[in-house]
1. Report, for segment A:83-182, the % of DSSP beta bridges that are antiparallel, rounded to 5.
2. How high is the FRET efficiency from B:ASP186 to B:THR124, r the C-beta distance, R0 41 Å, rounded to 0.05?
3. Pairing the Cα long axis of helix A:7-19 with the longest principal axis of chain A, what angle in degrees results, from 0 to 90 and rounded to the nearest 10?
4. How many percent of the alpha carbon pairs in chain A exceed a separation of 49 Å?
5. How crowded by other chains is A:576-583, given as the mean number of beta carbons from other chains within 10 Å of each beta carbon?
6. How far is helix A:544-555 tilted, in degrees, relative to the longest principal axis of the Cα atoms in chain A, given as a value from 0 to 90 rounded to the nearest 10?
7. May I ask for the distance between the Cα centers of segment A:19-78 and segment B:182-214, given as a whole number of Å?
8. Over all pairs of distinct alpha carbons, what does the Kirkwood formula give as the hydrodynamic radius of segment B:5-247, in Å?
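Every number in this text was worked out from the coordinates using simple rules, so none of it is lab data. Values in this document were obtained by computation on a predicted structure and should not be read as measured data. Quick reminder, even Gly has a Cβ in these numbers, built from the backbone with ideal geometry, and neighbours come from all protein chains shown.
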Amino acid sequence: MLFQTTKKQEDLRKKVREFAESEVKPIAFLLDKENEFPSEAIAKFADMGMMGLPYPKEYGGAGADVLSYAIAVEELSRVDGGTGVILSAHVSLGSYPIFAFGNEEQKQKYLTPLAKGEKLGAFGLTEPNAGSDAGGTETTAVLEGDHYILNGGKIFITNAPVADTYVVFASTNPDAGTHGISAFIVEKGWEGFTFGDHYDKMGIRSSSTAELIFNNVKVPKENLLGKEGQGFKIAMATLDGGRIGIAAQALGIAQGAYEHALEYAKERIQFGKPIAQQQAISFKLADMATKLRCARFLVYSAAELKEAHEPYGMESAMAKQYTSDICLEVVNDALQIFGGSGYLKGMEVERAYRDAKICTIYEGTNEIQRVVIASHIIGKMKKDGKAKRKKTSITGERKKMIFRDGTPKEQVAKLVEALKKDGYDFSVGIAMDTPIVDAERVISAGKGIGAKENMKLIEEAAKALGAAIGSSRPVAETLKYVPLNRYVGMSGQKFSGNLYVACGISGAGQHLKGIKDATTIVAINNNPNAPIFKNADYGIVGDLMEILPLLAEALDTGVKQPAPPMKKMKRPFIKKEGPSYKRYICSGCGYEYDMEIGDPASDVPAGTTFDKLPEEWICPECGEEKENFIEIE
Amino acid sequence: MYCVRKVVDDLYWVGGNDHRLALFENIHPIPRGVSYNSYLLLDEKTVLFDTVDWSICRQFLENVEHVLDGRDLDYLVINHMEPDHGASIEEILLRYPNVTIISTEKSIMLMHQFGFDVDDKTMTVKEGDSFRFGKHNIVFVEAPMVHWPEAMVSFDTTDGILFSADAFGSFGALDGKLFNDEVNFDRDWIDDARRYYTNIVGKYGPHVQALLKKASTLDIHYICPLHGPVWRNDFGYLLDKYDKWSRYEPETCGVMIAYASMYGNTESAVQVLAAKLAEKGMTNIALYDVSNTHVSYLISETFKYSHIVLASVTYNLGIYPVMHDYLMHMKALNLQKRTVGIIENGSWAPKSGSLMKEFLDEEMKQMSILNSEVNMISALNDNNANEVDNLVESILDSMKEA
């Protein structure tokens, strides 16, 4: 056992390094600065047959081993971390689930163009309320005839919106938690599938990252990957392998920074000799090299285990966690060695310093990697007997009354009527520039407002409502339509007054957390599936350009009287509803089977529906057979 | 001396009443006593439906002997094997050794567990089996978990008589009157019937619903339960109550206020609440001190009213123990779908309100808590009196919405 790569692997490294040095390195600074995706370079890389390295030749791949693929990601990242993750997300996340879980038709149709590099792949799992805990997935897929109807959204999706093929996870049985998640292949361009924000990231700025929005997207039944309910398993298996890619990316970023630091340390002379010969710096370099060697063995070993079909889940988690942790240390030391010069834009170590951080976060935070590792060495922790009840929406129980009937004018009239019935007096008002925290009423603009001149509509509506003006974060931060101190959200101003009117705000989690104490939330948005509607008391689905003037007209009572001191109004009373799933009771003892709890004594996990209980399952209390349970009506 | 009554031709009530028992099941007070009903059918064969509690066994044996009038007893149908009905089986076996016991498999198993030597004397029946005793044909219908697993009901298809076991029963001794139309049920009996159902059968609503569904297919003329009056008319009244109770739907739109007070301050607050409710027109109020009201009454009233206000002092950083006990009973009996107002009291670290809310949210089903809460520190005063107004308003608002 010599722990060495093969000649073939090293040949590949040489080839990728040459490509990276000649095609990526010259533009890396620009890509970073402009937040630009290296489309041309990726096309050339595809021509070299590199986009499907570990997949069989019959599906358009290169038939290389997993380690070769890891080396390719490492070498790209050595020059540019963003470019490295494009390859990693494409191969490990976008293509792998189709390769491992797709049927022959799906592989022919989707894997082949991905492996050939004709198409780019991406993977959509993360949601606002489902990060490390995929059980919170809220995107839904409902089977209607020969297709599924997909609704919801995904955030932080690497390669979107550039990618053509997306493996998307959605719940086909919302009550079953992770057991209700299914995987689908979704193509860009399908009706109702759009992209939200392109994120303005700290690092890996040459990679593209965006939000996916699904609004009644028709997904043909044959695009279900595996079976219904297997999505969580597919996601976890995919992430096991994806970790090798991210580990390789971190390794490459650290390697690049280390090389730059070593070179610089040999050149930079202080106190009459190169700083590399000063012990303080030489020890740093020695530590960096040691960490890199250690990390490299972890990464390569995990890749070899995967290639050999040995268990590798724990080893890939160790590789990802360790390599990304030491990557941060190495880029930090590298920048330190560069001193003030390293702190300047345009310096590779400055970019590496920013690129590195994401590696401890995505594809499973390093905390989650430790959960994975611990579960392998300690065994799975016994679940608490009682599963948590399903969370209500972020803003708490809300009426969720959407006015759909009639013309927009009639809808607005109904909204105004409901607000007046709740006790809102629109003959009084507050100044539009009242600080958000002190405001009794606020009307906020989101990105749905469009061009800046449309803010006039918000102002007119604010006057009519007697409300102060607020906004979502992008409207203040990116579009700069309002001062920064007027955006509402967890990171901005919190609104705890009575009436909040959200216009063209989709309802990101951080925004919703900033308005959860509002007495009444009104949503106006053209996307009926925007999360804001699930968090609002009243809503109108429609175009702001049309609704806002109608609202202003309906509420216009001339000059508003100054409002009396704010009196916090009561939150509406919402009657609790029963669970949406069926519950069953034993006719031998009255024991109730609740799928939210499962039956821990018989290793039936929470989320198992009654009909999915094994036939031989018996009542845990009295031993009665499953068939002697009755359904609660 | 025998004491029997004729139900219809060929069928006699041969049970008895007990006024000396203080606590039914050794837990529920029965100031009006209780009856243990048994019925004897005289056909080509003689058939006894269930026996009685040990306490009135002698009376029962005299009754049976009198009605049989020298005939032997051929069959004993056991619909329910709980000892308040099954305890006298052994005496029947001793006196009528040729008798055959007809019951469910689980019931016969229970007879063995309770130590009755019934070997070779039993005939097992299951759902839908029928047996002709001469003129009368009896169909056996399983009624699991109403309120024991072995229970069944027997239906005489000849005369439309349902021997309903513990279903449709009530606390209260009959004291001569046997039929529902011989008493003023809605005035004198409904509270005990409710208290019986909710405390004894309350948990098993879904199984009662299942039984009601089965019963709806039968042409019933008489309902003969094991406790309380025999029903021979006005079935709609009784079935409506059972339907509501078993679906956990309230009978009436009103407010039950249950309070735990140590020195009268919490009591004073709920009096203010009640007065303000009445002032606003909501007079359907029932107010109970949990410390001196037996929990079986509290449970019964909780099933009856749509709105519950729980007012509790904090005790050892927890819910006042008696109030907690009441909550535990509610949970055990599967009570659900009520709208609840909370009044919290505490003098240095008030906890009872948040703990009661947590209990309602986590341990019970569809208990909707009103947003307006009254938080008292020791006593109601000018600072929090408006919270009572808000609670009153919330209660009335939620009634409008319902």
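1. Given both bridge residues lie in segment A:83-182, the antiparallel proportion sits at roughly 60 percent.
2. The formula returns an efficiency of 0.55 here.
3. It is inclined by approximately 60 degrees.
4. 22
5. Partner Cβ neighbours, averaged per residue: 3.
6. It works out to around 30 degrees.
7. Their Cα centres are 75 Å away from one another.
8. 17.7
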